[in-house]
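Structure first, then comments.
The values are calculated or read from the model by the stated rules, or taken from the named source; none is laboratory data. Bear in mind the structure is a predicted one, so any value in this text is a computation, not a measurement. Don't worry about glycine lacking a Cβ; one is built from the backbone with ideal geometry, like all the others, and counts go over all protein chains shown. All accessible areas refer to the heavy atoms of the entire protein, side chains included, with ligands and DNA or RNA removed. Shrake-Rupley method; radii C 1.70, N 1.55, O 1.52, S 1.80 Å.
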Amino acid sequence: MNHTVVILAAGLGTRMRSKHAKVLHRAGGLALVEQVVAAARTLAPFGRIVAVTGYQAELVEELLHPLGIGFVRQQGQKGTGHALASCREAVPHDGLLTVLYGDTPLLTAATLARLRDAQTDSDGAATLITTTLEDPTGYGRILLNDKGDVTAIVEEKACTPEQRKIKLINSGIYCFRSELLWKHIGEIVPNPASGELYLTDMAEILAHHGHRVRPMHVEDATELLGINTRVELAAADRILRSRKNEELMLAGTTIERPETVTIDARVQVGTDTIIEPFARLLGATIIGEDCRIGAGAILENAVLGNGVRVFPYTVIGDSRVDSAAQVGPFARLRMDAHVGHNARVGNFVELKETHLGNGSKSQHLAYLGNAEIGERVNIGAGTITCNYDGQKKHRTTIGDRAFVGSNSTLVAPVEIGEGSYIGAGSVITDGVPADTLALGRARQVVKTGWVKRSTKKD
Ligand code: UD1
Ligand code: CA
């Protein structure tokens, strides 16, 4: 059967107290609405998913555009009923239509499939997900008749004191028979208190026309958490992180003290890799097998081969480390740095837009920027590529097997040939041919007896 998913994501989210639309806030490494789209994708192809945008519509659409879903702009945020009604022209009027709210990021694919199946098997007009909450504050309450069908949803503000005690709540996730939804949605009238059109009124409208609206109870209420405040955002983040950790652990990754580790949704980690406490693996990071990621390391959009060791407190951004290489502790790789197979980058070494070839080493205290460094090169402690002349960046090229002595200053653009040696403390401003020794420092002067001669006697 035709299945369309509409995600309501037009609201401002006043209770977040933010300049940014609520659905753009992130939990588990994705924007809330991205999490919802990921769940929706398990029900329908991207082409059958429509997001309703409004507040900061351009930003929300820009974020979701690459996925290929459709958009409808809601003109004026006049409530969830108004938001769905704006989709009238954009979606089919047959088959099923599932409505999700963009602020429920914990929803699982399994629950959505169960909702679809419940509605498919039902003769009713809609099925909606309910749960029981010890503290139902803020949620719409579900009223049932003696057959257990939903007769109405009452929003918190409209509840009588008796209704306020009801613990069965509306999750905001509904599966409608499209035809009946579109036939009757125009009957929603503005809420007398807020002036908004509440989608929740559809339950009473459908029931009034003699259609059944069925509740589908979900035991694990955490899945249905709607994010309205930053406190709830933090709670959702914690749950998404622990789900991701569990998924990785079950697939063969060791995570020490998982509650301290932060791994974004899209990160991939190979088997037998060990992740130490307080590591953060962010963005599109991909880690191979048999790696060890040290305590406190931060990797964002990093790609690591197999058997890589990242020692503690290393920061890697938008960079690549090939198999069996070692990086850190306290190293920084950024902007397309590339560490070759079996290479070593040690403490307080920074690589920026630099390729360090296979088996090469830079073990301590160096800045290597805009450099192409060959294989089995040794970079001494304190080496600096002077890549910036105040206006432009220039490149440094170092051939295979070169040996750069400690505290060398390589003034780019400059080329150092294969197998050549640079004496410690050199300032290298001119190219060095292959297999030569270059010294670029003041010659040492030793003045014998100078101290005695220059110390005046009485
Ligand atoms: C809503 C439900 C409530 C339910 C709760 C579950 C209504 C009237 N109430 O309340 O019964 O218990 O969710 O979390 O539906 N949105 C728009 N356009 C608008 C208004 C909202 O797109 O004009 C979007 C928001 O971006 C948000 C979603 O709809 O993603 C829900 O809106 P929100 O204001 O958070 O509804 P709640 O008050 O939480
Ligand atoms: Ca909400």
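Summary of computed values
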item	result
Filter result for A371 (touching a strand residue (DSSP E or B) at 6+ places or on another chain (Cβ under 6 Å) and in contact (Cβ under 8 Å) with a residue 12 or more places away in the chain)	yes
Unmet criterion (only one of (1) over 21 Å from V37 (Cα atoms); (2) within 16 Å of ligand 1 (Cβ to nearest atom); (3) in contact with an Asp or Glu (Cβ under 9 Å, 6 or more places away or on another chain)) for E196	(3)
Residues located in region 1-46, provided they are among the small types (G, A, S) and either more than 18 Å from I69 (Cβ to Cβ) or within 14 Å of ligand 1 (Cβ to nearest atom) (or both)	A9, A10, G11, G13, S18, A21, A27, G28, G29, A31, A39, A40
Tally of residues being within 11 Å of S171 (Cα to Cα) and either open to solvent by less than 40 Å² (accessible area, probe 1.4 Å) or without any contact (Cβ under 8 Å) to a residue 60 or more places away in the chain (or both) across region 105-135	6
Pair list, Cβ under 7 Å, 6 or more apart: region 137-159 residue over 17 Å from A207 (Cβ atoms), other residue within 11 Å of ligand 1 (Cβ to nearest atom) and among the basic types (K, R)	C159/R141
Leading residue by the ranking (farthest from ligand 2 (Cβ to nearest atom)) among those in region 50-104 that are among the aromatic types (F, W, Y) and surrounded by fewer than 20 Cβ atoms within 10 Å (Cβ to Cβ)	F71
First in region 82-98 and within 15 Å of V72 (Cβ to Cβ) and charged (D, E, K, R), second anywhere and part of a helix (DSSP H, G or I) and more than 16 Å from ligand 2 (Cβ to nearest atom), Cβ under 8 Å, 6 or more apart	R88/W182; R88/I185
From the options T132, T137, T127, T120, residue that is within 15 Å of ligand 1 (Cβ to nearest atom) and at pLDDT 95 or above	T132
Among residues of region 190-213, those that are in contact (Cβ under 8 Å) with a residue 40 or more places away in the chain, away from ligand 2 (no atom under 14 Å from the Cβ) and among the β-branched types (V, I, T), counted	1
Residue, most open to solvent (accessible area, probe 1.4 Å), within region 214-229, restricted to residues that are within 16 Å of ligand 2 (Cβ to nearest atom) and out of contact with any Asp or Glu (no Cβ under 8 Å at 6 or more places or on another chain)	T222
Residue count for region 387-400, restricted to those that are within 20 Å of N358 (Cβ to Cβ) and buried (at least 21 other Cβ atoms within 10 Å of the Cβ)	3
Selection from region 401-423 of residues that are assigned to a loop (DSSP other than H, G, I, E, B) and open to solvent by less than 50 Å² (accessible area, probe 1.4 Å)	A402, G405, S408, A412, G417, G419, S420, G423
Members of region 11-30 that are within 15 Å of ligand 2 (Cβ to nearest atom) and not basic (K, R)	G11, L12, G13, T14, M16, S18, A21, V23, L24, H25, A27
Within region 283-386, strands (runs of 3 or more DSSP E) holding 1 or more residues that are at pLDDT 95 or above, β-branched (V, I, T) and closer than 29 Å to G252 by Cα	298-300, 315-317, 344-352
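Each row is one residue, and each column tells you yes or no for (1) open to solvent by 50 Å² or more (accessible area, probe 1.4 Å); (2) in contact (Cβ under 8 Å) with a residue 60 or more places away in the chain; (3) within 16 Å of ligand 2 (Cβ to nearest atom).
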site: V231; (1), (2), (3): yes, no, yes
site: R241; (1), (2), (3): no, yes, no
site: G252; (1), (2), (3): no, no, no
site: R257; (1), (2), (3): yes, no, no
